[in-house]
Amino acid sequence: MRRRATGRLLAAVAALAAAATAVQAHDTWLVPTSARVAVGGTVDLHLSSGMTFAADDVTIDPERIVKAAVRIGGTSTRIVAREPHPMALHLPWTAPAPGVAVFGVSLRPRDLELSAAQVDEYIADINAGPDVKAAYQRTHRWRERYAKHATTFVCVTGGGGRDSGWTEPVGLALEMVPASDPTALRAGDSLRVHVLSHGLPVEGFAIGAERDADPHPVFRRTDADGAATIVLPQNGWWLVHGTLLRPATVASRDWDSDFVTMTLYVGERGAPAGCR
């Protein structure tokens, strides 16, 4: 299933249903203007949704943000967004200290409804299990409330000791936590992540990874510890993503979901690794 095709499908749904709900169930990501910055330097983080990564397509209303924070050197601070640009919401940040800065953003939940013609494509796109399709076939109705969560990392240079703050979650409802320094990845490396829902590991969660509009992401499922490993064969920006879909507990909708993304910059093989 081509993610770009589903992005077009969901964008069309959004246009048709704009008067009732704004449907944007394709991925939302957070990407900094640079993966490395010196102490005192500023990066601009772009928060956007799009049909294909990393082509910013839909900006985010600042009112939708329920959490926007950065942690570095054991200290967490809030990030304040600027006025939205046409294709992305900009969140500027000035690096106060050396280390690995971990950024996290969560958006308010929104509602969507899908027609019968759209459900199969959607289920394939998020790599849901056969139980999801079976549940839909019992009701032939799809009403979903979804929330979105995004993380990224920036290496801040300027001396000092090593910062391992990336080993801990930043406190999003659904989050992927890397098992090794996310700023030290090089082409061909394996990325191992732990998926946490409200701090607890999620087993059987489908994680996909794609680079620069790759229409064929590779999926891996997490083990009992909520961990999965994906190989990143090329350098450049990567999007790691997944969707936690579960039956709703209220009569007004059928499903609740959390979309999660993590962006990473993978350097060329042989380039200096790590944030020092």
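Here are some notes:
- Verdict on THR249 being open to solvent by 70 Å² or more (accessible area, probe 1.4 Å) and either free of Cβ contacts under 8 Å to residues at least 12 places away in the same chain or touching a Leu at 6+ places or on another chain (Cβ under 9 Å) (or both): yes
- The set of residues in region 159-195 being surrounded by 19 or more Cβ atoms within 10 Å (Cβ to Cβ) and among the hydroxyl-bearing types (Ser, Thr, Tyr) consists of THR183 alone.
- Some residue of region 196-211 being touching a Leu at 6+ places or on another chain (Cβ under 9 Å), within 20 Å of PRO233 (Cβ to Cβ), open to solvent by 30 Å² or more (accessible area, probe 1.4 Å) and modelled with pLDDT under 95: yes
- Any hit, region 228-244, residues being open to solvent by 10 Å² or more (accessible area, probe 1.4 Å) and more than 26 Å from PRO182 (Cα to Cα): no
- Counting only strands (runs of 3 or more DSSP E) wholly contained in region 175-276, the ones carrying 2 or more residues that are β-branched (Val, Ile, Thr) and over 26 Å from LEU112 (Cα atoms) occupy 227-232.
- Counting only strands (runs of 3 or more DSSP E) that sit wholly inside region 50-158, those with at least 1 residues that are open to solvent by 20 Å² or more (accessible area, probe 1.4 Å) and hydroxyl-bearing (Ser, Thr, Tyr) are 75-78, 89-94, 142-157.
- Whether a residue is over 23 Å from ALA128 (Cβ atoms) and in contact (Cβ under 8 Å) with a residue 40 or more places away in the chain was assessed, and SER190 passes this test.
The values are calculated or read from the model by the stated rules, or taken from the named source; none is laboratory data. Keep in mind the model is a prediction, meaning the values are calculated, not measured. Every residue, glycine among them, receives a Cβ derived from its backbone with ideal geometry; neighbour counts consider all protein chains shown. Please note that ligands, DNA and RNA were not included when accessible areas were found on the heavy atoms of the full protein model with its side chains. Shrake-Rupley method; radii C 1.70, N 1.55, O 1.52, S 1.80 Å.
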